[in-house]
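**Student:** Take a look at this one; I'll ask things after.
The values are calculated or read from the model by the stated rules, or taken from the named source; none is laboratory data. Because the structure is predicted, anything quoted here is derived from the model rather than measured. Using ideal geometry, Cβ is built from the backbone for each residue, glycine included, and neighbour counts are taken over all protein chains shown. Note: areas computed on protein heavy atoms with side chains; ligands, DNA, RNA excluded. Shrake-Rupley method; radii C 1.70, N 1.55, O 1.52, S 1.80 Å.
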Amino acid sequence: MSSVISNPAPGVIRLQSANPSPMTGAGTNTYIVEGDNACVLIDPGPALPAHHAALMAALDGRPLLAILVTHAHLDHSALARPLAETTGAPVLAFGDAASGRSAVMQRLADQGLTGGGEGADAGFAPDLRLHAGQDLCFAGRGFKVLHTPGHMGGHLCFGLGDLLFSGDQVMGWSTSLVSPPDGDMADYMASLDLLAQTDWRLMLPGHGAEITAPHDRLTQLIQHRRSREAAVLAALDQGAASAASLARAIYTDIATALLPAAARNILAHLIDLHARNLITTQAALTAESRFHRI
C-alpha cells in the first residue's frame with residue numbers, strides 16, 4: 001500500500017504510512033517541509049520499506065538537511081536511522097525513549113512497568129539532542145522547539161510560524177494515549193496548557209487530518225481529561241478500585257480489546273491524583289494498586 005500524499009499547508013507535504021491500527025488510526029503522518037532547494041523531515045515513521053521509498057520519491061532528489069523526531073515510539077522514529085543512512089541527514093530529538101521521565105515514572109520503570117500502545121523505540125538515539133525553546137533554521141525555514149512531555153517524557157512539538165507540528169500531543173482523530181511510565185498525566189495537562197498560550201492557526205498532528213481550529217481542539221482535550229479525572233474520583237467515592245476495574249466501569253462505550261489501553265489512561269490519572277494527595281494506596285504504588293479516596 002502506498003503512502004497518502006497531500007499538501008496541508010504551503011511548502012508542506014504530508015505522507016501517511018501504511019500502518020493502520022487501533023493506536024495509530026489510519027496511519028502515522030510524516031511531514032516534509034520544503035525550503036530553499038532543500039527539505040526538512042518531521043517524524044520519519046515506522047520502518048516500512050514502502051514508506052521509506054515514498055519519502056525518497058517525495059524528496060525528488062533534493063537534499064534533506066535534518067530529520068526531526070517528535071518522540072521515540074516505533075511508529076514515529078523507527079525509520080529515522082535508515083533514512084539518515086540513505087540521505088546523510090542528522091537525526092534531531094529530545095533524547096532516547098526513556099528521556100524526560102519524572103521521578104515517579106522512573107521509579108515505576110525501575111520496578112518493571114513497561115509502556116503500552118505503539119511501543120517504545122528502545123534502540124533510538126538522536127545525533128543531536130534538542131531542548132525547550134531552541135530555535136532551528138534549515139533552508140530558510142525557522143522552527144521553534146517546544147518540549148511537551150505527557151504522551152512521552154521526551155515528546156517535542158515543532159512550531160513553524162503559526163503552524164504547529166503537534167506529534168501525538170494533539171491528534172486529529174482521537175485523544176492521546178497517556179501510558180505510564182512513558183506517559184505522565186500531570187505533564188500532559190501542563191503541555192496542553194503550554195500550547196494553549198499561543199494562537200496557532202493550524203496544527204499538523206502525528207495521526208489524522210490537519211486541525212483547523214487549534215484553540216477549540218486544545219480546549220476540548222483539556223475538558224475531556226478533566227471529565228475523566230472527575231469520573232475516576234466519583235468511582236472511588238464508591239470504594240477502592242484498581243486501574244483495570246475503573247476502566248471497565250468508566251469506559252463503557254469502547255471495544256473490549258481497547259480496555260487495556262483505557263486502563264493505562266486511568267492509571268495515569270490515578271498516579272497524578274496520588275501525587276496531589278487526593279487518593280492513596282495501602283501499599284507501595286504499582287500498576288496493580290487499589291486506590292481509595294483520602
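**Student:** Considering only residues of the range 5-30 that are over 20 Å from the mean Cα position of the chain (by Cα) and without any contact (Cβ under 8 Å) to a residue 24 or more places away in the chain, which is surrounded by the most Cβ atoms within 10 Å (Cβ to Cβ)?
**Tutor:** Taking the candidates together, the pick is 6.
**Student:** Just need a number here: residues in the range 266-290 that are at pLDDT 95 or above and within 30 Å of residue 21 (Cβ to Cβ).
**Tutor:** 8
**Student:** Taking the conditions exactly as written (surrounded by fewer than 19 Cβ atoms within 10 Å (Cβ to Cβ), out of contact with any His (no Cβ under 6 Å at 6 or more places or on another chain) and within 21 Å of residue 153 (Cβ to Cβ)), does residue 275 satisfy them or not?
**Tutor:** yes
**Student:** Can you name the number of the only condition in (1) loosely packed, with under 15 Cβ neighbours inside 10 Å; (2) not in a strand (DSSP E or B) that residue 154 fails?
**Tutor:** (1)
**Student:** Could you look through the range 251-269, keep only residues that are over 24 Å from residue 279 (Cβ atoms) and part of a loop (DSSP other than H, G, I, E, B), and pick out the one that is most open to solvent (accessible area, probe 1.4 Å)?
**Tutor:** Checked the range 251-269; the qualifying residue most open to solvent (accessible area, probe 1.4 Å) is 253.
**Student:** Any idea how many residues of the range 118-138 are at pLDDT 95 or above and either in contact with a Leu (Cβ under 9 Å, 6 or more places away or on another chain) or surrounded by 14 or more Cβ atoms within 10 Å (Cβ to Cβ) (or both)?
**Tutor:** Matching residues across the range 118-138 total 13.
**Student:** Quick one: in the range 117-129, which of the residues that are in contact (Cβ under 8 Å) with a residue 60 or more places away in the chain and in a loop (DSSP other than H, G, I, E, B) is nearest to residue 79 (Cα to Cα)?
**Tutor:** Ranking the qualifying residues of the range 117-129, first place goes to 118.
**Student:** I've got another one for you. Which residue is surrounded by the fewest Cβ atoms within 10 Å (Cβ to Cβ), if the candidates are limited to the range 160-187 and must be over 21 Å from residue 274 (Cβ atoms) and of a type in the set (Asp, Glu)?
**Tutor:** Looking at residues that are over 21 Å from residue 274 (Cβ atoms) and of a type in the set (Asp, Glu), I get 162.
**Student:** Shifting gears a bit: Could you figure out which of (1) touching an Asp or Glu at 6+ places or on another chain (Cβ under 8 Å); (2) among the charged types (D, E, K, R); (3) open to solvent by less than 60 Å² (accessible area, probe 1.4 Å) isn't true of residue 101?
**Tutor:** In the conditions (1) touching an Asp or Glu at 6+ places or on another chain (Cβ under 8 Å); (2) among the charged types (D, E, K, R); (3) open to solvent by less than 60 Å² (accessible area, probe 1.4 Å), residue 101 misses (3) alone.
**Student:** Out of all the residues in the range 226-241, which are more than 22 Å from residue 189 (Cα to Cα) and of a type in the set (Gly, Ala, Ser)?
**Tutor:** Selection gives 239, 240, 241.
Conditions (1) modelled with pLDDT under 95; (2) within 19 Å of residue 3 (Cα to Cα), marked per residue:
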{"site": "38", "(1), (2)": "no, no"}
{"site": "45", "(1), (2)": "no, yes"}
{"site": "70", "(1), (2)": "no, no"}
{"site": "79", "(1), (2)": "no, yes"}
{"site": "92", "(1), (2)": "no, no"}
{"site": "103", "(1), (2)": "yes, no"}
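**Student:** Another question, if that's okay. Any residue that is over 30 Å from residue 289 (Cβ atoms), aliphatic (A, V, I, L, M) and within 13 Å of the chain's Cα centre (by Cα) - is there at least one of those in the range 203-219?
**Tutor:** yes
**Student:** Right, something else. Can you tell me which residue is surrounded by the most Cβ atoms within 10 Å (Cβ to Cβ) among those in the range 196-239 that are of a type in the set (Asp, Glu) and outside any helix (DSSP H, G or I)?
**Tutor:** Filtering the range 196-239 for residues that are of a type in the set (Asp, Glu) and outside any helix (DSSP H, G or I), the one surrounded by the most Cβ atoms within 10 Å (Cβ to Cβ) comes out as 210.
**Student:** Considering each of 146, 113 in turn, give the residue that is part of a loop (DSSP other than H, G, I, E, B) and of a type in the set (A, V, I, L, M).
**Tutor:** 113
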